[in-house]
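Report on the following structure.
Here, each number is a calculation from the coordinates, and none is a lab measurement. In this text, all values refer to a predicted model and were calculated from it rather than measured experimentally. Cβ placement follows ideal geometry from the backbone for every residue including glycine, while neighbour counts extend to all protein chains displayed.
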Amino acid sequence: ARAIAKAAVDSLGPNDLAAVVRDTGFANDGPQQDFTADRQRLYASIDRPFIGLVNPPQMGPGGLSRGEPELLRTGDCLCGLCALESLTRVAAAMAGDMRRQKVLFFIGSNIIFQSDDLCSLHLKIARERAFKALDRGNVTLHSIDPTGLETLASGADAFPIDQRRLPSATLVRQGNLAVLPDYTGGRTVLNTNDPQAVVPAIFEES
């Protein structure tokens, strides 16, 4: 993820501005850098240590299992809304200057758009706000997955019951990453161990 972000900073032109925003404040994941042309400040923000949300394996009736963090109960990212809410805030901040070409990179493994539980209504509202903010700001969004090359087979580190690594779950997650780029005319970069190599081409297109 850091290599992708640094490739974006490396590709900036002399008159470009950039910001670094993280979508959660958990375990020091929140420090950010506002819009600036100072590359050293951007690099420093990218290099700040962070953990992100974690969910250790749990013992259940079928043995050890590992799932997604309990987002319904996680106050830092309730219902998994943090990615959509952060994208909305950044797009809204970019809406003021209509003279610039505006590009937003989402570097992450998933953007949650819908749910079958109590989070459904909250996600619907957040989803609609994100679409409107991207429209108003005339922002092109690109999703870049830092996970690397994936197959639909279980890896050697998979637990006997590992819902995250079922083929259907992987396809849903990858489909989620494509929603906003498809809507704004951006790119979705998946299944590559060198995702940062795509960044200069994205800048050339803009």
Kirkwood radius from Cα pairs of the range 78-125 plugged into Stokes-Einstein at 37 °C, 0.692 mPa s, gives D in µm²/s equal to 266
Contour minus Cα-Cα span, Gln32 to Ser115, at 0.36 nm per residue, comes to 27.0 nm
Expressed in nanometres to one decimal, the distance between label points 7 Å along Cα→Cβ at Leu152 and Asp10 is 3.4
Label model pair Thr192, Ser206: point-to-point distance (7 angstrom along the Cα→beta-carbon line) in nm is 1.6
Listed by chain and number, the lysines with an alpha carbon less than 23 angstrom from that of Lys102, same-chain partners under 8 positions apart left out, are Lys6, Lys132
Quick calc: nm separation of the 7 Å Cα→Cβ label points for Arg2 and Ala44 -> 1.6
